[in-house]
Amino acid sequence: MFKWIKIAWRNLLKNKRRSLVTLLAIGIGFTAVNIFKGYTDNTYNGLRESAIRGEGLGHISIYKKGWHENGQIDPASYMLTQKEYKKIIEIAHEDDDVILATPRLYISGMVSNGTVSTIFIAGGVVPSAEMTIRGSLAAIRPVTGPGMDDNNIYGIEMGEGLAKILNISPGDNGVVMAATLDGQINALDIDIAGVYNTGSDATNDKFMRVPFKFAQSLYETDNADRVVVLLMDWKKTEVLKDRLSNALASAGLSCELRTWKDLSLFYNKVRNMFDIIFTFIFCIVLIIVVMSIINTMSMSVLERTREIGTLRALGLKRGGVCRLFAVEGALLGSVGSAVGVVMTVLVWGVIYLIQPTYIPPGGSSPVPLTVNLLPWIMYLMFGFLSLLSLFSAVLPAVQAARSNVVDALGHV
C-alpha cells in the first residue's frame, strides 16, 4: 500500500498548482464546516443555559394535570395547592440528582411609579432559590442594587427597559395592581431592590422578578402554578422526568411534567434554524469538494493518457489503474483535511484572542462570539472528506482504465 501512496504523491506533485488549489478548496471547506459547527455548539450551550437559568425554567417544571390546556382559562382550578407543591418538593429532593425544587407563581398586571403606568409580567420566585437557579448567569447578567431578599417580600427586581419607562432605579418605590383569582382588583406597594437586563428586547420592558410570597399576596392565594426542579446534569433531564413522574404518580399526585426543551420555544426555533444553515453549508462544501476532485482527476487523466497506456502495456490491469487514481483522490482528501485542521485551529485561535462581540437578533446586550473547538467533528470530517475524495476519483479512474491501450499510446 505504501508503494501506491508514494506513486500517487509523485503524480500529484507533477502539477503542483492544480493540486494546491484543490487542497485549499478542501481545506477551506473543512474549516468552514468546523468553525460554524463550533459556533452553533457554543450557541446551543448558551441558549440551553439561558433557558434553564436565565428564563428560570429549570430542567423540569411540574404542573397540576391539565394546566397547559385549561390553566389560562381557569387558573384557580389548575394550580398546585400548598399541600401539593410541598409534597412535590419533598419527593423531588429525595432524588440524589436533584439540586433544588422550588415553587413558582407567575403574575401579570399594571405597575406604576405614581405618574406613569404600564403592564408587567413577573415570576414569583423564592429569592434564595432563584440565586441558585441563576448560578453563573448572575455574573453575566448582574443585578444593579442589593437585589431580592427572603426577608423582604416587597423588594422586587425589574427589567432595565421597564425601569427606564417608569424612570425609577434601585431604592425607589412603586405600586403594582392585578386582578386576584376571584376577579377583584388588588394593589401592593413595591420597593425596587434591583434592576437587571433580561437579555431580550421582547422582555426587557415588561419583566420583573418578585418574591413568591408577594405574588401569592397580590393574587390572594396560597397556591403555586408550578414547581421548578434543577438537576445536577442537564443530560439526565429525560431520565429524571420519567423517574419523578413515576414517583409522583405513586404518591397519588396527578401532575404533568415538562422539560426545559419543551417550554423554551426560542431554543427550539433557533436550533432548527441553525441546523438548516449548517446543512446548507455542508452541502455547498460537499459539492465544492466533489467537483474539485473530479476536475483535478479528469485533467490528470487527460494529461497522462500516454502514461496510462504505457502502464497498461507493461501489464497493469484496469483495477490497478482505478486503484492508482482512487489513492490519489484519497490522498488529496486526506492532505486537504489536514490543511483544514491547521486552518481551523488558526481561525479558532484568532477568534479566541480577539474575542469579538455582537448583539444577536432580539438581544438587548452584546454577547461574545465564541467558537468551540470540537475534535470529534474534525475526526469525522477528516474521515468523511477522505472517503468522499476517494469515491469522487472513481469516475475519472474508470474512464482512464477503460481507455484502449493502442489509442492511449498514440495520444498526443
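Points worth noting:
- Any hit, segment 66-73, residues being among the aromatic types (Phe, Trp, Tyr), touching a residue at least 40 places away in the same chain (Cβ under 8 Å) and part of a helix (DSSP H, G or I): yes
- Members of segment 54-77 found to be closer than 23 Å to Ala247 by Cα and open to solvent by less than 60 Å² (accessible area, probe 1.4 Å), listed by number: Leu57, Gly58, His59, Ile60, Ser61, Ile62, Tyr63, Lys64, Gly66, Trp67
- Helices (runs of 4 or more DSSP H) wholly inside segment 124-168 that include at least 1 residues being among the basic types (Lys, Arg): 127-134, 160-166
- Of all positions in segment 31-40, none carries a residue that is farther than 25 Å from Arg258 by Cα, among the charged types (D, E, K, R) and surrounded by fewer than 19 Cβ atoms within 10 Å (Cβ to Cβ).
Yes/no per residue for (1) closer than 28 Å to Thr357 by Cα; (2) surrounded by fewer than 17 Cβ atoms within 10 Å (Cβ to Cβ):
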site: Arg104; (1), (2): no, no
site: Thr118; (1), (2): no, yes
site: Ala129; (1), (2): no, no
site: Ser136; (1), (2): yes, yes
site: Gly145; (1), (2): yes, no
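- Enumeration of residues in segment 79-90 that are more than 31 Å from the chain's Cα centre (by Cα) and assigned to a helix (DSSP H, G or I): Gln82, Lys83, Glu84, Tyr85, Lys86, Lys87, Glu90
- Boolean, Thr81 is touching a helix residue (DSSP H, G or I) at 6+ places or on another chain (Cβ under 6 Å) and of a type outside the set (A, V, I, L, M, F, W, C): no
- Of all residues in segment 235-271 being open to solvent by 90 Å² or more (accessible area, probe 1.4 Å) and polar (S, T, N, Q), the one that is farthest from Tyr63 (Cα to Cα): Ser250
- Search result, residues across segment 370-398 that are farther than 13 Å from Gly329 by Cβ and part of a helix (DSSP H, G or I): Pro375, Trp376, Ile377, Met378, Tyr379, Leu380, Met381, Phe382, Gly383, Phe384
- Residue count for segment 334-354, restricted to those that are open to solvent by 50 Å² or more (accessible area, probe 1.4 Å) and either within 16 Å of Phe36 (Cα to Cα) or of a type in the set (Asp, Glu) (or both): 8
The values are calculated or read from the model by the stated rules, or taken from the named source; none is laboratory data. The model shown is predicted, which means the values in this text are computed figures rather than measured ones. No Cβ is skipped: glycine too gets one built from the backbone with ideal geometry, and neighbour counts run over all protein chains shown. All accessible areas refer to the heavy atoms of the entire protein, side chains included, with ligands and DNA or RNA removed. Shrake-Rupley method; radii C 1.70, N 1.55, O 1.52, S 1.80 Å.
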